[in-house]
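Shown next, in structure tokens, is the structure this report addresses.
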Amino acid sequence: MPVIVVANPKGGVGKSTLATNIAGALARQGHAVMLGDVDRQQSARHWLKHRPQGVPEIRGWEVSGDDVVRLPKGTTHAVLDTPAGLHNRRLDEVLKVADKLVVPLQPSLFDIEATHDFLREVKAHRRADKISIGLVGMRAREGFISTEHLQQFLSTLDVPVLGFLRDTQNYVHLAARGLTLWDVAPSRVERDIEQWQPLLEWIAGWRNEH
């Protein structure tokens, strides 16, 4: 079972946006998806509470009476959202189970510096050679200098860039209703879905990498 972790120690980079939409895309494909949240704020759990009936099911952690969390039975794909400040022991726990690590970052100097340090920490982990890492540029605005600087930075890294997602209110409006891009008419979000194709193809190819 593939475990896809969305992580970056920098806060506000779009981790929950990526995690929920990855889960939504996998659910739309017919997979039994669990969306888990390593963050104390439990953003994913709150989002799942808003998810309406009639859309592909995404399940959360199952919590037993002794507060032990488990994957729901029958789960075929797990997506894990993570908190800001993910380092040391907490990072180690996440990397122990990760098959793929998706690292989002926005076009800012702070994001670039934090991501650079984070990637160095991940690559020093003992399981680094068993985890596929991909980068996603978030809230990218075409023609902006900040986006050009981000593209230049990513080109210097030995990590695949899975695409750039534009700055749009679609994600905000859908998240407020517990929805993803794949829960509405494709014509409403056609441009956004197109930007997601390289990331989804990378995720789908996990079996060929392990």
| message | For segment 160-169, check the following and say yes or no: at least one residue is within 20 Å of residue 112 (Cβ to Cβ), in contact (Cβ under 8 Å) with a residue 60 or more places away in the chain and of a type outside the set (Lys, Arg). | response | yes
| request: For segment 118-174, name all the residues that are aromatic (Phe, Trp, Tyr) and within 22 Å of residue 194 (Cα to Cα). | output: 144, 164, 171
| Checking residue 153 against (1) at pLDDT 90 or above; (2) more than 15 Å from the chain's Cα centre (by Cα); (3) among the hydrophobic types (A, V, I, L, M, F, W, C), which single condition isn't satisfied? | (1)
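In segment 1-34, what residues are charged (D, E, K, R) and touching a strand residue (DSSP E or B) at 6+ places or on another chain (Cβ under 9 Å)?
Correct list: 10, 15.
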| residue 194, sole failed condition from (1) surrounded by fewer than 13 Cβ atoms within 10 Å (Cβ to Cβ); (2) of a type outside the set (Gly, Ala, Ser); (3) assigned to a strand (DSSP E or B) | (3)
| said: Of the residues 102, 97, only one is assigned to a loop (DSSP other than H, G, I, E, B) and within 21 Å of residue 203 (Cα to Cα); which? | reply: 97
| note | Reported set for segment 155-191 where residues are in a helix (DSSP H, G or I) and among the hydroxyl-bearing types (Ser, Thr, Tyr) is 155, 171, 187
| note | Restricting attention to segment 177-199, the residues that are under 16 Å from residue 139 (Cβ atoms) and in contact (Cβ under 8 Å) with a residue 40 or more places away in the chain number exactly 3
| note | Expected single match for modelled with pLDDT of 90 or more and touching a strand residue (DSSP E or B) at 6+ places or on another chain (Cβ under 8 Å) among 202, 182 is 202
| query | Which condition number does residue 201 fail, the rest of (1) over 28 Å from residue 53 (Cβ atoms); (2) touching a helix residue (DSSP H, G or I) at 6+ places or on another chain (Cβ under 8 Å) being met? | reply | (2)
| said: Whether any residue in segment 105-128 is part of a strand (DSSP E or B), surrounded by 13 or more Cβ atoms within 10 Å (Cβ to Cβ) and touching a helix residue (DSSP H, G or I) at 6+ places or on another chain (Cβ under 8 Å) is what I want to check. | reply: yes
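For the condition farther than 19 Å from residue 202 by Cα and within 17 Å of the chain's Cα centre (by Cα), what is the one hit in 48, 18?
48
The values are calculated or read from the model by the stated rules, or taken from the named source; none is laboratory data. Bear in mind the structure is a predicted one, so any value in this text is a computation, not a measurement. Here Cβ is always computed from backbone atoms with ideal geometry, including for glycine, and neighbour counts include all displayed protein chains.
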